[in-house]
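Enquirer: Sending over a structure as C-alpha cells; questions will come in a sec.
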Amino acid sequence: MTRRTLAALARHAALAALAVVFLAPVLFLIVGGFKPQGRILTEAGSWRAFFPAQVTLQNYREVFARVSFGHFLLNSLLINAVMVACGLIVNSLAAYALARLRWAGRSLAMGLVLAMLVIPFESIAVPLFYGLSALGWRNDYSVQIVPFIANPLSIWLFYVFFLGLPREFEEAARVDGAGVLRTFFGIVVPNARAAFATVAIVTLLFYWGMYLWPLLMTAGPRVRPLPLAIATFYTLPPLRWGDILAFGTMMVAPVLVLFVAFQRWFVRGVAATGIKG
Amino acid sequence: MNAAPGSRHEAAAGWLLSLPALLGLVLFVLAPFVFAVAVSFTGLRLGSPLPVHFVGLRAYERLFSDPVFLRALANNALFALVVVPVQTAAALALALLLERPSRLRALYRALFFLPVVFPLSLVSVVWVLLYAPGPDGMINAALHWLSLGHWRPHDFLHDPRLALAALMLTSIWQGLGFQMVVLLAGLQAVPAERYEAARVDGAGAWRRFLHVTLPGLRNPLLFVVLVTSVLAFRVFDQVRIMTHGGPDYATTTLIYQAVQAAFDRGNVARSAAISVVFFVIVLGVALAQRRLLRERREVA
C-alpha cells in the first residue's frame, strides 16, 4: 500500500468514527422514542440504545393523549410561517432601498441597521417584555411574530446579495418605464432566489426552537409553540422519558424534512453568511 | 411608484420601502435597549412601594460586588475561553478532512451539520439523558469502555467541577457543524495556484497549512470566532433546562442571572444593568473583530 492510500484510509476512518459520535445523540433520541419506557435508560449504555430489541408506539400514543401535539405544531407552523414570510418582504425591500436607491436618510438608516446587528436579543428581551406587557400586548400570536419581522441580519444578508447583482437589467427595466416596485418584484426577486432561501432558512433555524421569548410572553397552551410544550413534559409529573423523546422527534421532524429536502440551500446559505460577513 | 433614478420620487421610494423595517428596528430593538440603559440607573423593582428615581451607578456597583454575578461573568468567560478555541480547531480539522472531494463528502457534511438544525431546548433534554449518572448513562458507559474499565460513573450535571464542562461539550456538539460548513466553504475559495506555488517552493504539508491555508481562511475564521464568542456569552437555554445554574452557581450565566433577577425577584434595575454589561461585552468582541479585519485590508 502506498502512503497516499494509507492517508486516505486514515482520513475515512477518522471521519467514520466522528460521524458515529455525532450521530449517537440523534439516534438515541429517535430510537429511544420507539422503545418501551423501562428500557430507554437501562439500555442507554449498550448497543441496544441504537438497535432496540422491542419496538413500540406506546410513547407516541401517550404524547397524543397527554398534550394536543397538533395544536402546538400548528402554533409553531403559524408563528414561523408568518414571521418568515413577512420578514422576507419587509427586510428585502429595506435592503433594496439601501443597496440601490439614492435617498436622503440612506446612510442614517444603514447606520441603524449595523448598530442593531450588534444588539443581541437576550439583552433586550427583558425590557421588551416590560414595555409590551405595559401596553397589555401579550399572550397572543402577534406578540410572538411582529417584534421579529424586522431583522438586521436579514437586511444585511439581502443588502450584500443585492450589491453583488449586475445593475444592467434593472436599469433597462427602469428605462422602459417600470417603477421601483415593479423592477424589484419583476427583475430583482427572480434573480435573488438564493438570498431569499438563505434568509428563510437562517430565520427558521433561529426561531423554530425559540424558548425564552414565548416563555416570557405567553401563559397556558393556547398560543404556545412546540419548544415550550416539551418543557412542560419535562417539569410536570409523571416524568416519562419515552414521551419526551417521542415528542422531541416529532418536534424536530418538520425541520429535518426541510433540511433533507433543501440540504444544498442550507449549506450554501450558511457558508455565504461566513464568507461575506 | 414610477421613479426616475436620483429624482424626488426615488427619495420617497427609498423611505417608503425601508419604513416598515426601520420602524420595527426602532420599536423592538432600539427602544427596549434605550429603556434598559435608562432603567439600569434607577432602583426599579416590581411591587416596590418606593418611587422610582435616579440612583446613578448603584445597580452596577452592587453587581460588581455580588459574588454570584461575578461567578456568572467568570463562567461565561471560561465558557468562551474553552468553547471558542476547541470548537474552532475541531471545526477546522473536520473541514480539512472533508476538503478533498469524495463521493461521501456531501453525506458527511450533512451528518456533521445535522445537530445545528436541532433546537437547543430539545438538545438540552436529550443531553440530560446522555449524562445520566449511573453506569448505564451513555456517556458514562462510553468513557468506561474507552478507559478499559477505569472510569467510575459520574453525575456530571450535579458535580460542581464537571457541570460547566458538560454544558460546554453539549454546545460544541451542537455548534461545530455550523463552523465546519463556513470553514469548508472558505477552504474551497482559497485559489489552488497558491498551494501549487508553495509546493514548487518546497513547502511541506505543515508549512502549506501555516502559510497558505490559514491566511486564506482569515475572514471565515474571524467570523466563526466572533459568532461563537457572542453565543458563549448568551448561553441560556442549556442552563435553564439542564442545570438551573447549579450546583452552587457552577453553571449560572449572565442571561440566566438577568432573567432570574427580573422574573424571580422582580429586580428590574439589576436585570437591566446585566443586559447593559452583556451588550458592552458583545460590542467589545465585535469591535475587536472589525479592527482585525481592517488591519487585514491595510496589509493587502
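Enquirer: Taking amide H positions as placed 1.01 Å from N in the peptide plane, with prolines and chain starts having none, which residues 5 or more places from B:Thr42, or on another chain, fall under 5 Å of its amide H?
Expert: Distant-sequence amide H within range of B:Thr42: B:Val55.
Enquirer: OK, next. Classify region B:31-147 as rounded, prolate or oblate from the Cα gyration tensor: take a ≥ b ≥ c as the square roots of its eigenvalues, call it rounded if a/c is under 1.5, otherwise prolate when a/b beats b/c and oblate if not.
Expert: Working: a/c = 2.83, a/b = 2.08, b/c = 1.36.
The shape class here is prolate.
Enquirer: Once the Cα gyration tensor of chain A is found, what semi-axes does its equivalent ellipsoid get, as square roots of 5 times the eigenvalues, in whole Å, sorted largest first?
Expert: Rounded to whole Å, the semi-axes are 41, 29, 16.
Enquirer: Report, in deg cm²/dmol and to the nearest 500, the calculated mean residue ellipticity at 222 nm for the protein assembly as shown, where each DSSP H run with n ≥ 4 adds -39500 (n - 2.57) and the sum is divided by the residue count.
Expert: Value at 222 nm, helices only, nearest 500: -22000 deg cm²/dmol.
Enquirer: Would you please name the trypsin sites (Lys or Arg not before Pro) within region A:181-227 that are DSSP coil residues with at most 13 other C-beta atoms within 10 Å of their C-beta?
Expert: Numbers: sites: A:Arg182, A:Arg193, A:Arg222; in loops: A:Arg222.
Within region A:181-227, the qualifying trypsin sites (Lys or Arg not before Pro) (loop, at most 13 other Cβ atoms within 10 Å) are A:Arg222.
Enquirer: Charges at C-beta only: +1 for Lys and Arg, -1 for Asp and Glu. How large is the resulting dipole of the protein assembly as shown about its Cα centre, in Debye rounded to 20?
Expert: Magnitude of the dipole: close to 820 debye.
Enquirer: At what distance in angstrom do the alpha carbon centres of region B:13-42 and region B:83-98 lie from each other?
Expert: Region B:13-42 and region B:83-98 have Cα centres spaced 37 Å from each other.
Enquirer: Mind checking the angle between helix A:69-100 and chain A's longest principal axis? C-alpha axes, 0 to 90 degrees, to the nearest 10.
Expert: Value to nearest ten degrees: 30.
Enquirer: Which shape class, rounded, prolate or oblate, goes with region A:1-143 when its Cα gyration tensor gives a ≥ b ≥ c as root eigenvalues, a/c under 1.5 marks rounded, and past that a/b bigger than b/c marks prolate? All intermediate terms of the calculation are to be shown ahead of the outcome.
Expert: Numbers: a/c = 3.13, a/b = 1.44, b/c = 2.18.
Oblate, because a/c is 1.5 or more while a/b does not exceed b/c.
Enquirer: For region A:12-65, just say rounded, prolate or oblate: build the C-alpha gyration tensor, square-root its eigenvalues into a ≥ b ≥ c, call rounded for a/c under 1.5, and beyond that prolate if a/b exceeds b/c, oblate if not.
Expert: Numbers: a/c = 3.31, a/b = 2.18, b/c = 1.52.
In terms of gyration-tensor shape, prolate.
Enquirer: For chain A, take the longest principal axis of its alpha carbons; what is the angle in degrees between that and the long axis of helix A:226-235, to the nearest 10 within 0 to 90?
Expert: 30 degrees
Enquirer: Could you tell me the ratio Rg/Rh of region B:78-206? Both radii from Cα atoms, Rh via Kirkwood.
Expert: So for region B:78-206, dividing Rg by the Kirkwood Rh gives 1.09.
Enquirer: Once you keep just the Cα pairs under 8 angstrom separated by 6 or more residues, what percentage relative contact order results for region B:39-180?
Expert: Numbers: 117 pairs, mean separation 34.8, N = 142.
That works out to 24 percent.
Enquirer: Sort A:Val260, A:Val267 so that the residue with the fewest other Cβ atoms within 10 Å of its own Cβ comes first and the one with the most comes last.
Expert: A:Val260, A:Val267
Enquirer: Using every alpha carbon pair in the protein assembly as shown, what percent of pairs falls into each 10 Å bin from 0 up to the bin containing the largest distance?
Expert: Going out from 0 Å in 10 Å bins, the protein assembly as shown shows 3, 15, 25, 27, 19, 9, 2, 0, 0 percent.
Enquirer: Let me ask you something else. Each residue of region A:7-16 in turn: what ³J(HN,Hα) in whole Hz from Karplus with 6.51, -1.76, 1.60 and θ = phi - 60°, glycine and Pro shown as x?
Expert: Along region A:7-16, the couplings run 4, 5, 4, 4, 5, 5, 5, 4, 4, 5 Hz.
Enquirer: Turning to a different aspect of this structure: Relative contact order for chain A: what percent, with Cα pairs under 8 Å and sequence separation of 6 or more?
Expert: Relative contact order for chain A comes out at 29 percent.
Enquirer: Restricting everything to alpha-carbon atoms, can you work out Rg to Rh for region A:103-229 with a Kirkwood hydrodynamic radius?
Expert: With Rg and the Kirkwood Rh in hand, the quotient comes to 1.07.
Enquirer: Could you check which residue among A:Ala200, A:Ala16, A:Ala246 shows the biggest mean-square fluctuation in a GNM of chain A with a 10 Å Cα cutoff?
Expert: Answer for the Gaussian network model of chain A: A:Ala16.
Enquirer: On average, how much area does the Cα convex hull of region B:149-282 cover when viewed from any direction, in nm²?
Expert: Its average projected convex-hull area is 12.1 nm².
Enquirer: Could you list the trypsin sites (Lys or Arg not before Pro) in region B:174-278 that lie in coil according to DSSP, counting only those with at most 12 other Cβ atoms within 10 Å of their Cβ?
Expert: Qualifying residues, ordered by number: B:Arg265.
Enquirer: Return a whole-number percent for the relative contact order of chain B, with Cα pairs under 8 Å and 6 or more residues apart as the contact set.
Expert: RCO, chain B: 27 percent.
Enquirer: I'd like the orientation of helix A:121-134 relative to chain A: the angle between its Cα long axis and the longest Cα principal axis, in ° from 0 to 90, rounded to 10.
Expert: The angle comes out at about 80 degrees.
Enquirer: Per residue Cα convex hull volume for region A:181-262, in cubic angstrom?
Expert: Each residue corresponds to 123 Å³ of Cα convex hull volume.
Enquirer: Could you work out the mean projected area of the convex hull around the alpha carbons of region B:65-299, in square nanometres to one decimal?
Expert: 16.4 nm²
Enquirer: Further, regarding this structure: Averaged over A:61-72, how many beta carbons belonging to a partner chain fall within 10 Å of each residue's beta carbon?
Expert: Taking the mean over all residues of the peptide, I get 0.
Enquirer: Tell me the label-point distance for the pair A:Ser46, B:Gln188, using the 7 Å Cα-to-Cβ offset, in nm and rounded to one decimal.
Expert: Taking the two extended label points, one gets 4.4 nm.
Enquirer: Also: Quote to one decimal, in nm, the extra length available between A:Ala219 and A:Ala81 on full extension: 0.36 nm per residue of separation minus the C-alpha distance between them.
Expert: This chain segment gains 47.5 nm when fully extended.
Enquirer: Taking R0 as 56 Å, what FRET efficiency do you get between B:Ala142 and B:Arg265 from their Cβ-Cβ distance, rounded to the nearest 0.05?
Expert: Given R0 = 56 Å and the Cβ-Cβ separation, E is 0.90.
Enquirer: Considering the Cα positions of region A:65-169, please state its Rg to one decimal place and its Dmax as a whole number of Å.
Expert: 17.3, 59
Enquirer: Would you look at the GNM of chain B, springs on alpha carbons closer than 10 Å, and say which of B:Leu98, B:Leu176, B:Leu46 moves the most?
Expert: For chain B, modelled as a Gaussian network with Cα springs under 10 Å, the answer is B:Leu46.
Enquirer: I'd like the FRET efficiency for B:Arg100 and A:Ala53, computed as 1/(1 + (r/R0)^6) with the beta carbon distance as r and R0 of 51 Å, rounded to 0.05.
Expert: So the FRET efficiency works out to roughly 0.80.
Bear in mind that the values in this text are calculations on the coordinates, not laboratory data. Just so it is clear, the model here is predicted, and its values are computed rather than measured. Virtual Cβ from ideal backbone geometry, glycine too; neighbours counted across all protein chains shown.
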